[in-house]
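Asks: This structure is in structure tokens; I'll ask about it shortly.
The numbers here are math on the coordinates, done by the rules we state, and not lab data. Quick caveat, the model's predicted, so the values are computed rather than measured. All Cβ positions, glycine included, derive from the backbone under ideal geometry; neighbour counts span all protein chains shown.
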2 protein chains.
Amino acid sequence: MEQKYRQGGFTLPGEAGYEQLTLELAKKWGADVIRDSDGTRLSDEIVEAGYGIYSTICIIRQHNAFAAEHPDAQQQTFLCSSPVVAEGDTLVIHPMDGYFDEQFQLNDSADALPFWQVYDRTADCEVPRNRWSYAEGVVMVTGCEPWHEYTVSFLCWRIWEEINMYNHTTNHWQSEHLRQLDPRHPAAWEYLCRWLEDWCEQNPATTVVRLTSLFYNFVWIFGSDMRNRSLFTDWASYDFTVSPAALRAFEKQYGYALTAEDFINRGKLQATHMPPTAHKRDYMAFIQAFVAEKAKVLVDIIHRYGKKAYVFYDDSWVGMEPYGPLFETVGFDGLIKCVFSGYECRLCAGAKVPTHELRFHPYLFPVGLGGLPTFSEGGHPDRDALQYWQHVRRALLRQSVDRIGLGGYLHLTQGYPEFCDVIERMAIEFRRIKELHSHGAPLTCPCRVAVLHTWGSLRSWTLSGHFHETDKHVLIHINEALSGLPVEVRFISFEDVQSGALSDVDVVINAGRAGDAWSGGAAWENPALVAELTRFVHEGGIFLGVGEPSGAPGHHTFFRMAQVLGIDKDTGARVCHGRWQFDVAEAPFTVAADALGDAADLYLTDGKATVLCAKDGIPQMTMNQFGKGLGIYMSGFQVGAESTRMLLEMLLYACHIAPEEAYLSGSPLVETAYFPADRTLVAVSSAEQEISTVIHTPSGDRAITLSPMETKLLTL
Amino acid sequence: MEQKYRQGGFTLPGEAGYEQLTLELAKKWGADVIRDSDGTRLSDEIVEAGYGIYSTICIIRQHNAFAAEHPDAQQQTFLCSSPVVAEGDTLVIHPMDGYFDEQFQLNDSADALPFWQVYDRTADCEVPRNRWSYAEGVVMVTGCEPWHEYTVSFLCWRIWEEINMYNHTTNHWQSEHLRQLDPRHPAAWEYLCRWLEDWCEQNPATTVVRLTSLFYNFVWIFGSDMRNRSLFTDWASYDFTVSPAALRAFEKQYGYALTAEDFINRGKLQATHMPPTAHKRDYMAFIQAFVAEKAKVLVDIIHRYGKKAYVFYDDSWVGMEPYGPLFETVGFDGLIKCVFSGYECRLCAGAKVPTHELRFHPYLFPVGLGGLPTFSEGGHPDRDALQYWQHVRRALLRQSVDRIGLGGYLHLTQGYPEFCDVIERMAIEFRRIKELHSHGAPLTCPCRVAVLHTWGSLRSWTLSGHFHETDKHVLIHINEALSGLPVEVRFISFEDVQSGALSDVDVVINAGRAGDAWSGGAAWENPALVAELTRFVHEGGIFLGVGEPSGAPGHHTFFRMAQVLGIDKDTGARVCHGRWQFDVAEAPFTVAADALGDAADLYLTDGKATVLCAKDGIPQMTMNQFGKGLGIYMSGFQVGAESTRMLLEMLLYACHIAPEEAYLSGSPLVETAYFPADRTLVAVSSAEQEISTVIHTPSGDRAITLSPMETKLLTL
């Protein structure tokens, strides 16, 4: 093993008090950088050991004294009370009922009250200001319609920084609750800038400031009842950026005022999974501009002290938007993403920033994100690490990053030597893959896939958070499968389609539930969109619809692309219509029937589509020739080796690509990447047993045997 | 056995050539009346045997010579071509493509063409008349938007009466296809009246003219491709009543014109299962008035000849509406309903007409309605008859009819002696039940149930046709269960609720799929409706929601009655919301978990509802105290002995009725009815084995043993 594969591109979490362990593992894993973590500090012995030093800063969080002096500098959010039924013409509502009072505190200041709203939810209209009053935490509504439901939308302070709150409640921390400052507050902002300068001054050994992350956390609303603790979580929503100051600035800039209801949305809030309103889009752009401007000031300070500024792409990342138009203007030197999945690797790798770093899981914590044990009784961190590596490795084969690393408490690895060995092996494999990329990109088949949804490139790869947080959405399964396939993948919006984005695309994928942001909802009301995609397929393109693609009510078909797919969903109006009988045909690719759904109410529109899979007499997968192109439909898609293989074979078939051109293996458990510059084929196994198969190559089939989870490099 | 139970109230289908069999079975089954059937004639020997004689007339069907001379007197319908994608700016559409040309023939007369429409279905707008032309069966559209889909809505003649078409295609009849005349055509109407007078003159032995039925068949559209033969079937739609003359008369009377699109509805047609438009409601009223007026003329002719006029409540019944406002004005002497199910018995029994008659199944045909054998190899007509009797008997215990009978080819019963014995037994049981009713109504518990849906009383009991045609709709399961329960049942509309209909109701049931006529769709947009039902429950009423009750998008909850039910369905917007944890509680009644659905995306709104059944962690049945009343939710309901029992126990619990007050048995397989006038308890078993159980009565439990399917009368 050459030394170059044993060292470099690895960030180790150091831990004071475990200096020897730190340095031992730094050597074993080939670390070139040592970092601190949330809740840890490095000792001088570590800092002075010759490694690069990352220091973690959560800029808005470490200032409880300032927050105590300036409570109005704390961050806020809108909340909505639970609906209350009026039994007569007056009603008393306690807005905070049901919310966690350690996280939230009513903002009933003169500044905030004008933004409060009372709604008659039954009639879906606002109650005029003169019909309600507020005093001492209680709203009194008069002139109610009896038996209607009423809510109060109100501003409140967020008095516990959410990641600190999570760590306390998960890991039973007992320390003081950390508060968070809003950089929009002038005094707070001035204070934060000065604080950062001081910090840089006082930490000369730090080579990289690791911003964790910027200003505004993703939305995480806790309830008071332990039976429903987490009332709302959305990794990509902007609710926690709001304040009277922000609302006033918005109105000044955009010429119209936002109201509480723009955020509250009938109590549903505005989840990323749903198409945004025009107001929400404006507000997001407004916040993005603010965050970019303020982040640039911080980065400039850091640069002035000769340090680099890396930013962690999670937690309080909201408004930063690495795939937004302003990200490059900030001047970050690196982007760090914690990864469980392949799509998260691509998410990081595709951002426009000099250095991309992955923080692997498991985090060195007693329990994982889902609450299951990792470095504690019953945990298997080595298995966990390998499983995540299996997801990430195939994505790394398509697109490399610059660095990998870990986070957490290093001492927890004691007693887990298998884990330490697995990390060592992963680091070596990472460096070999990275080297291949450095000589030239891997071969990508002539199959340009565009994933089409509401957000387009802004939400490239991810939906809203980690896989296990979004696994009810079929698109995350598709994205995860795509993240390791030898095809070109991009993410486009409906606006992009109408701006000509299909001119260099072979396959369009639309996958979601009708009405959601991924399927598209009201976007499909637009006939020009439907016509453009119809043209695209008729002239030879592929439209792959999954779940309820292009679903929109009120038209002659529910799937607006039914004319291309040859299949549609009956939402009730066609219950008296006959159904085409069909035979299930043999597919020109492997069908992973278990990975499809078992949706009801699907019917063939004109009986011409070929049914490739059916359940209980209902077609679940169809293929329909349309002009020179194809419409392909899947009722669902659960990611796994077999279904990923199905997707790849389907794409190759649709794009007329022979298996050998794609270096396809004989088994779904073996995936490949061919690096032409090095004439090197990488074959990776996800099998738990040794596996023997063939790789189809342009120069003939090649037999291969791989040990469990092996990564093998072959020179062709 | 007293003779009074052996004879009377029975209509036997006679058959020429089988005179001895006819008279033998007439004796065995106690017939007092002999009828002919569709396709049979009685011989003089039968006619003169001293029985009452029913003669079947399908008034619009037996006139092919007249139809040949007056092709413009035939009936019509609107159809819509399959959508065609425009590849350029002109498009050729063959409207009839895909339709069965033995049923339909284009009406391209000068009278009809003005009612044709061409639609751009992609843009959802009509193509102006000057952009399309018609010639020789083909429509040419110019100025198309490329890649949009276009349809032609057109009038056509119906050249094969649909029941005759069904009999031909099912039973391989080879005779001439029968045509049907439109009574709106003046010459046809004059001819039909004269024809009926002549017929009455020539058939002096006939005591009852059995009209089968009136003028317009339910909608049944056949396709040309055997893979999708039945394109559309709806027992209660009015499409087959249309003609240019009807449309012009409608416009004159209502002051606005209907268009093809009012019927075609984007190619979906207007199924009874969906809420009607205001135009459809007007058109139905218009047709009902026409049908009542014309039917009265026929009935008056029949009465002038000293005969009675019974009408068959099926086939060409459209517009007759026994639960409509005009039915009584026609003057029918009897209503005959063919029955598979209990609700069909109640449907017949509840109509305002002197005589109610049930025609039992199986029909004496080689195959049944579903195409399975009955009186042919593999058939078990005795078992079928018993199964239907099991459904009908419990409904008869609640509300009696006057007569029963059979239909079809009597000779087919030869070789099926068990069937003949079963019918004999059923006839005896029917007469005993009828006698009990004649002495006084059975005891009904103080539980007044109102089934709430779009159609209200107009669609009492039925949805649209037989059970097996509508069994995807949860409400037909509810109705079937209710048809034999000792509670009062009525059917109310949303308008009724707002007119005070809840003043004497204990339980409101709303059961359906969101958007359909049974759940209610847009009716739930009305806050006054929601408020009135909320008041009703808060003051002590019961709201039982099944499936997607009160479902309507665009509000703070999807179930508009969620505040009462304590449960709601997430349609996507709440995917980031937390879910209340819950324990499954023991219910105060038997829960038939298998009969419930396994719906996803249900969530407790405020965590207060009691969960009585859950599947995969999702609540499927809940009960929620709301004020003095209760909201009860079931995700589904599949009718059966266990679920019917659950429904009864639930109603008794909710209305505070003790088991003995309802004469509840100890087993779901034994149901009861108590007739106070005769102090007689009827216990019926649906068990296939002998069963011993108890009946709870106000005077104590009573042990009872019933043989399979037994009907037992006990004097208390």
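Asks: In whole angstrom, note down how far apart the Cα centers of segment B:291-336 and segment A:380-417 are.
Replies: When both Cα centres are located, 81 Å separates them.
Asks: How much mean residue ellipticity at 222 nm does chain A get from its helices, if each DSSP H run of length 4 or more adds -39500 (n - 2.57) and you divide by all residues, to the nearest 500 deg cm²/dmol?
Replies: Values: 18 runs with 192 residues, N = 716.
Only helices count here, giving -8000 deg cm²/dmol.
Asks: Give me the compactness ratio for segment A:448-654, meaning the Cα radius of gyration over 2.2 N^0.38 Å.
Replies: On the way: Rg = 15.5 Å, N = 207, 2.2 N^0.38 = 16.7 Å.
Cα-based Rg divided by the globular estimate yields 0.93.
Asks: Further question: May I ask you to report, in nm to one decimal and beginning with the shortest, the distances from residue B:425 to the same position in the other copies, taking label points 7 Å along Cα-to-Cβ?
Replies: 7.3
Asks: If Lys and Arg each add +1 and Asp and Glu each add -1, what is the summed charge of the other residues whose beta carbon sits under 12 Å from the beta carbon of residue A:421? Show your work: numbers first, answer last.
Replies: Numbers: positive: A:28, A:425; negative: A:382, A:418, A:424.
Net charge around residue A:421: -1.
Asks: Still on this model: Distances from residue A:254 to the same residue in each other copy, label points 7 Å out along Cα→Cβ, in nm, shortest first?
Replies: Going from nearest to farthest copy, the values are 4.4 nm.
Asks: If the cut-off is 17 Å between C-alpha atoms, which lysines fall inside it for residue A:28, apart from same-chain ones fewer than 8 positions away?
Replies: A:4
Asks: Distance in whole Å from the A-onto-B rotation axis to the closest C-beta of chain A, together with the residue it belongs to, please.
Replies: Looking at chain A's Cβ atoms against the axis toward B, the nearest is A:553, 4.
Asks: Could you please report the charge total around residue A:386, scoring K, R as +1 and D, E as -1 over all other residues with beta-carbon less than 15 angstrom from its beta-carbon?
Replies: Details: positive: A:383, A:393, A:394, A:425; negative: A:382, A:384, A:418, A:421, A:424, A:429, A:688, A:710.
My count for the surroundings of residue A:386 gives -4.
Asks: Could you let me know the centre-to-centre spacing of segment B:1-73 and segment B:238-285, using Cα atoms, in angstrom?
Replies: Segment B:1-73 and segment B:238-285 have Cα centres separated by 37 Å.
Asks: Mean Kyte-Doolittle of at least -1.0 and a Cα length of 27 Å or more along the axis: which whole DSSP H helices of chain A meet both? Mind showing how you got there, number by number?
Replies: Working: long enough: A:278-304 (39 Å, 0.15); A:417-439 (34 Å, -0.45).
What comes out of the filter, once short or polar helices are dropped, is A:278-304, A:417-439.
Asks: Just the Cα atoms of chain B, one point each, no solvent: what log10 I(q)/I(0) does Debye give at q = 0.07, 0.11 Å⁻¹?
Replies: -0.53, -1.26
Asks: Sort largest first and round to whole Å: the equivalent ellipsoid semi-axes of segment B:11-89, each the square root of five times a Cα gyration tensor eigenvalue. Could the numbers behind the result be given before it?
Replies: On the way: eigenvalues 424, 56, 19 Å².
Value: 46, 17, 10 Å, ordered largest first.
Asks: Give the Cα extents of the protein assembly as shown along the principal axes, in whole Å, largest first.
Replies: Per principal axis, max minus min of the Cα coordinates gives 121, 74, 62 Å.
Asks: Sequence gap at least 6, Cα distance under 8 Å: using those rules, report the relative contact order of chain B to the nearest whole percent.
Replies: On the way: 1539 pairs, mean separation 69.6, N = 716.
Normalised by residue count, the contact order of chain B is 10 percent.
Asks: Separation of segment A:554-573 and segment A:119-181 by C-alpha centroid, Å?
Replies: Here the two parts' Cα centres lie 41 Å apart.
Asks: Hey, another quick one. Using Cα-Cα distances under 8 Å and only pairs 6 or more residues apart, what relative contact order does segment A:448-654 have, in percent?
Replies: Contact order relative to length: 21 percent.
Asks: Taking 2.2 N^0.38 Å as the expected size of a compact globular protein, what ratio does the Cα radius of gyration of segment A:140-216 give against it, to two decimals? Walk me through the intermediate numbers first.
Replies: Numbers: Rg = 20.2 Å, N = 77, 2.2 N^0.38 = 11.5 Å.
After normalising by residue count via 2.2 N^0.38 Å, the value is 1.76.
Asks: May I ask for the longest run of chain A untouched by trypsin sites (Lys or Arg not before Pro) that are loop-located per DSSP and have at most 14 neighbouring C-beta atoms (other than their own) within 10 Å?
Replies: Within chain A, the longest run free of exposed trypsin sites (Lys or Arg not before Pro) spans A:42-228.
Asks: Given a cut-off of 31 Å, name the pairs among B:307/B:337; A:280/A:307; A:569/B:280; A:615/B:608; B:252/B:337 whose C-alpha atoms lie farther apart than that in the structure shown.
Replies: Working: B:307/B:337 20 Å; A:280/A:307 36 Å; A:569/B:280 25 Å; A:615/B:608 38 Å; B:252/B:337 35 Å.
Too far apart for the 31 Å limit: A:280/A:307; A:615/B:608; B:252/B:337.
Asks: Looking at chain A, identify the longest residue range that excludes and avoids all GluC sites (Glu not before Pro) in DSSP loops having at most 15 other Cβ atoms within 10 Å.
Replies: A:177-376
Asks: Could you pull the copy-to-copy label distances for residue B:378, with points set 7 Å along Cα to Cβ, in nm to one decimal and sorted shortest first?
Replies: Shortest to longest, the spacings are 5.6 nm.
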